[in-house]
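The values are calculated or read from the model by the stated rules, or taken from the named source; none is laboratory data. Keep in mind that this is a model prediction, so the values were computed, not measured. Quick reminder, even Gly has a Cβ in these numbers, built from the backbone with ideal geometry, and neighbours come from all protein chains shown.
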Amino acid sequence: MKHLPFSRRSALTQSEWEVWAGQLMAEGRFFAAYDTAQQGLQHFPDSRALKQLQARALMRTGGIDEAKAILEGLLPPILADTAALEKFWQRWQDKLQPTAAPGAQQFLEAIADLRQFLEGWQGRLFQAAGPDEESIGLLARIYKDLWKRTGDPALARQSYELYSYGYGSTGGYWTGINAATMSLISGESARARELAARVVGQCQEQLATAKPEELYWLQATRGEGFLLLGQSEAAIAAYEAASRQVDGHYDYIVSSRQQLRLLEQHGITVPPEIWTALKPPTVVVFTGHMLDQPGRTPARFPAELLPAVQQAIEGHLTDLEVQLGFSGAAGGADLLFLEAMQQRQARTHVVLPFALEDYLQTSVAFAGRYWPGRCQRALKLADSVRFVTTERYLGDDVLFRFANLVLQGLATLHAQRLDTAPHLLAVWDGVPSPLPGGTADMIAQWPDAQRLHVIRLDELRAQTQAPGSGRSQPPEAPAPAAPAPSPTAGRRRVIKALLFADIHQFSKITEEQLPLYVYEFLERLAAAAPPPPGLINTWGDAIFLALDEALPLVDYAFALRDAVVQTDWRQVGLPAHLNLRIALHAGPVFQATDALTGRENLYGTHVNRAARLEPRTPPGKIYASEQFAALLLTEQQLTPPPRRPAVRYVCDYAGIVSLPKDFGRQPVFHIRRLSDHEALYG
């Protein structure tokens, strides 16, 4: 159903929406699963399964707070706050510690009897509400993830309590094994072993009658239980059996690997054979030269090298066992890569630098009359096609480098969610080049030499061409005319990282408070969060800043937000709880001196897009477009240590929003800081 037209999606039944979103989750396509569940809920707003799938997708992509809100809405209030009962009893036990007074111990015993009664009553509440292991377990996972971020042991305990309640009321093995692991983390190793032994036996009994889709989880759960029991050989066998049931369900592997790292951090030895069995899918970024333009001398990629390059690409894909690929679609190496990937039924994601019509003219059609058709076919078969800008080329070569940066960032984002890192596969002539956005540029800035694989055109040419040959073969047909000159020729666009922010509920500031906003709020904000050098402007409650790079802009966004939310503005006569909405975007813009003001200013569609994203941002959060999130991740990889920030940032998928004023739908990401405790667990 991945290519189902929007016009037909309204005819899907509730069950079909649920199956579709579930399939996307099972394939590790968490972003698409969220979007599909969201679309399905527009037709079936009471679907519990779609809400659970939406929450699961958000959890996989880091939207923990949003997932928590969804899950808490699926449970009775008492179950959504399992810590309340524990806090109640702890408070009474602190008050009623045994003393010298006669009868104190007996009173405590009576209280214990009452506790047992109330716990039984809570169990009946589970039954009355209908035991929902999925919602209970997912909310428990939320508290586990919050504990990973903060290190707060109370959150780990709350996760354990929820998993235990879920296991006690439903007997489900997955809440049982998680209760065992979280009890280990909470310092109750004996309880962890007790639960692990029960769950291992339970899974063993269910294997004989299990459905095929349950086999992975039953075996992986047995493996985790054996590790908690110290039985390494049995654990290896169980995980190897689980790995034989993956069949492209990459999210299974991600979940297991995260759990294994958790065990390792708490003293459990994970044999290397298990990590080998649960190898994540291979993600590849591809870059390569186009075919030679007619008459190019000396030759770089002549047409007679096509079979050799194709064979070399196919060989690397086989050796690396590539399952996901990111690339452009230019006439030459790009299309050979896409066709080889699609022949293998591997997933392909294409990033294009500008409008398709111009791209076909500048980067495909010159190669011959058959190449535009090959390009269109590859784009149709691709799992996604993204444009860093949908506007025209206009002769701005900087768009090619911007597309490469976004390409690398998107691949990194997908690889991180699959618990791996991307490889770079390149078809290159071995000649360094200062050309921004070219193959040599991509290779030069790739951060991981261990994950770089180069197919050398000069070596292939030496093997296939006669000595002294230096001219390339002509294309199959004369190249079409280049795009007509643009009226903006000579006025080139530049790539800018853009910030728009405004004060939430600024309209509630009264007329007499406006001078306080101008003379107190803005002055204190400038002192607490001085903006970096760049193009900055304010009007009303809006703040606009444009920089050449994404990283310093994110640093400023957090400084700006913290300066607002951490200040008690009542001291200067303003409302106490002022807050900001901050939106980030990146793209090509025109930079020029305004003839009326004499100041530098920016113009273009992407300035407007950044402004349209800001009203859709929740107060207190920093949201970014997909282009900005990809650029940020790439810059974090490429920034050398002296300039690399001490704080690292995470891009959590927050869904797709509809932008006002006919700007369409926009994938957005929630940008947050990576805590030290969270980094420990990967």
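Conditions (1) surrounded by 17 or more Cβ atoms within 10 Å (Cβ to Cβ); (2) at pLDDT below 95; (3) in contact with a His (Cβ under 9 Å, 6 or more places away or on another chain), marked per residue:
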{"residue": "V270", "(1), (2), (3)": "yes, no, no"}
{"residue": "E273", "(1), (2), (3)": "no, no, no"}
{"residue": "T287", "(1), (2), (3)": "yes, no, no"}
{"residue": "P294", "(1), (2), (3)": "no, yes, no"}
{"residue": "P298", "(1), (2), (3)": "no, yes, no"}
{"residue": "A303", "(1), (2), (3)": "yes, yes, no"}
{"residue": "Q311", "(1), (2), (3)": "no, no, no"}
{"residue": "L317", "(1), (2), (3)": "yes, no, no"}
{"residue": "L320", "(1), (2), (3)": "no, no, yes"}
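Which residue is modelled with the lowest pLDDT, if the candidates are limited to segment 626-649 and must be among the hydrophobic types (A, V, I, L, M, F, W, C) and closer than 17 Å to L413 by Cα?
It comes out as L638.
Are there any helices (runs of 4 or more DSSP H) wholly within segment 245-325 with 2 or more residues that are polar (S, T, N, Q), and if so which?
250-264, 306-320
If you check F366 against the conditions, is it crowded, with 20+ Cβ neighbours inside 10 Å, assigned to a helix (DSSP H, G or I) and not charged (D, E, K, R)? I'd like the intermediate steps shown before the answer.
Details: crowded, with 20+ Cβ neighbours inside 10 Å: yes; assigned to a helix (DSSP H, G or I): yes; not charged (D, E, K, R): yes.
When the stated conditions are applied, F366 passes them.
Which residue pairs have Cβ atoms under 6 Å apart, sit 6 or more places apart or on different chains, and have a first residue in segment 337-359 that is more than 20 Å from A312 (Cβ to Cβ) and a second that is in a strand (DSSP E or B) and of a type in the set (F, W, Y)?
H349/F326; L352/F387
From (1) in contact with a Leu (Cβ under 9 Å, 6 or more places away or on another chain); (2) closer than 27 Å to C651 by Cβ; (3) surrounded by fewer than 17 Cβ atoms within 10 Å (Cβ to Cβ), pick out the condition that doesn't hold for V589.
Checking V589 against (1) in contact with a Leu (Cβ under 9 Å, 6 or more places away or on another chain); (2) closer than 27 Å to C651 by Cβ; (3) surrounded by fewer than 17 Cβ atoms within 10 Å (Cβ to Cβ), the one that fails is (3).
Scan segment 616-625 and give yes if some residue there is outside any loop (DSSP other than H, G, I, E, B), under 21 Å from the mean Cα position of the chain (by Cα) and modelled with pLDDT under 90, otherwise no.
Yes, the conditions are met somewhere in segment 616-625.
When you check R377 against the structure, is it in a strand (DSSP E or B), of a type in the set (D, E, K, R) and under 19 Å from G325 (Cβ atoms), yes or no? Working first, answer last.
Numbers: in a strand (DSSP E or B): no; of a type in the set (D, E, K, R): yes; under 19 Å from G325 (Cβ atoms): yes.
It is false that R377 is in a strand (DSSP E or B), of a type in the set (D, E, K, R) and under 19 Å from G325 (Cβ atoms).
Considering only segment 37-50, how many residues are closer than 27 Å to R672 by Cα and crowded, with 24+ Cβ neighbours inside 10 Å?
Final tally of qualifying residues: 2.
Out of Q245, Q293, Q323, Q265, which single residue is more than 17 Å from R417 (Cβ to Cβ) and not assigned by TED's automatic domain parsing to the domain that holds L184?
Going through Q245, Q293, Q323, Q265 in turn, just one is more than 17 Å from R417 (Cβ to Cβ) and not assigned by TED's automatic domain parsing to the domain that holds L184: Q293.
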